[in-house]
Amino acid sequence: MQREVGSFPIAPSIRARLVAAGFHTLHDVIDLAVSEVAGEAGISEEAAQEALQILKRQGSDSQILKHTALELLEQEQAQGCIITFCSALDEILGGGVPLGKITEICGPPGVGKTQLCMQLAVDVQIPECFGGNDGETVYFDTESSFRVERLVEIANACVLHCSLITQAHQEEGHSLAMQRFTANNILSQIYYFSCQDYIELLAHIHTLKDFLAKHLKVILTNQMTTRIEPRESFLVPALGDSWAHAATSRLTLHWEGMQRYATLCKSPGQKESTIQYQITHQGFRDVQTAHPEMDSSKPEINPRKRPREDDTE
Ligand code: GTP
Ligand code: MG
């Protein structure tokens, strides 16, 4: 629905001239030059410019508001998520790390934040016919912890997993996709930026504006730090509590003795839950179960989209 020019907070005399000149709705006037509006309405260019600024600013706000709840739900469902190859984690996240939203991953040193980010950098490239996103990755490294050899291991494990699905299903689409889905191609689609400080990070983000608009699924990692209080000390996310509002979801990785756990602490749609995970040679994985047929180092790719249930690796 187009908003009427008469409903905008423009000076009444100018508004009356605009409407009298035939500019009834936002659509009638929004794409015109200042001089055209001034000429048609018989007002000064300054007045026309001021009116156009109000119309554009408030008009774009009303564009944002024009979605129905159903449209928002459909958009959300169409976005999908990136699987982590840890099925327990995917489950508490509602299918994987959601696309189009900010997920903050925080936790103490050595717990696995970088490993999870590397796993996601690979997994987002899984071809669509396997239920993946066929995406690319931009990786901003602010702590010089990116290891290409490790990425190769994770990529090889991912390719092997998909090739075993291909062998099991014998589907043409899978075979075709596997011709392109190689470890080398995965690496060539991870765009790596090393950032020494936040100024460099911001500079990279600005130069990548167009690229980000087309590609980027954003993953943030937030280092934990120790907050010293008079009686005791706490481990808290280093970027502080106010930062928590910027991210849609917060995933905290933590230790319980020698075991690694992930807790979904904040999420608009999923309940708070904790699961156990491990980091293996292949990457981020479930903790092994006692049942070999449920071996979680062999995760399914997006089980909701999988055509058959008999994949084994
Ligand atoms: P900080 O960056 O220090 O805050 O830690 P982080 O949370 O990013 O930790 P990271 O993801 O680097 O995890 C480090 C842990 O991952 C190590 O302690 C190892 O247990 C595991 N890890 C790292 N590289 C490998 C590898 O090549 N093979 C295996 N199996 N495990 C690895
Ligand atoms: Mg790290």
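The tail of the calculated P(r) for segment 5-77 beyond 15 Å holds 53 percent of all Cα-Cα pairs. Subtracting the Cα-Cα distance of L201 and Q270 from 0.36 nm times their residue separation leaves 21.8 nm of extension gain.
In order along segment 269-281, the Karplus-derived 3J(HN,Hα) couplings, from 6.51 cos²θ - 1.76 cosθ + 1.60 at θ = phi - 60°, round to x, 10, 7, 5, 8, 10, 9, 9, 9, 9, 10, 10, 3 Hz, and Gly and Pro are given as x.
For F284, no residue 5 or more places off, or on another chain, has a built amide H under 5 Å of its own. Residues whose amide H comes within less than 5 Å of that of I105, counting only those at least five positions distant or on another chain, are L220, T221, N222, L251 (H built at 1.01 Å from N in the peptide plane). Backbone amide hydrogens, once placed in the peptide plane, bring R260 within less than 5 Å of Y277, excluding anything fewer than 5 places away on its chain.
Taking the Cα centre of segment 5-77 as origin and assigning +1 to Lys and Arg Cβ atoms and -1 to Asp and Glu Cβ atoms, the resulting dipole is close to 260 debye.
Where a number appears in this text, it was derived from the coordinates with a stated rule and is not lab data. No experiment lies behind these values; they were computed from the predicted model shown. Glycine also receives a Cβ, built like all others from the backbone with ideal geometry; neighbour counts cover every protein chain displayed.
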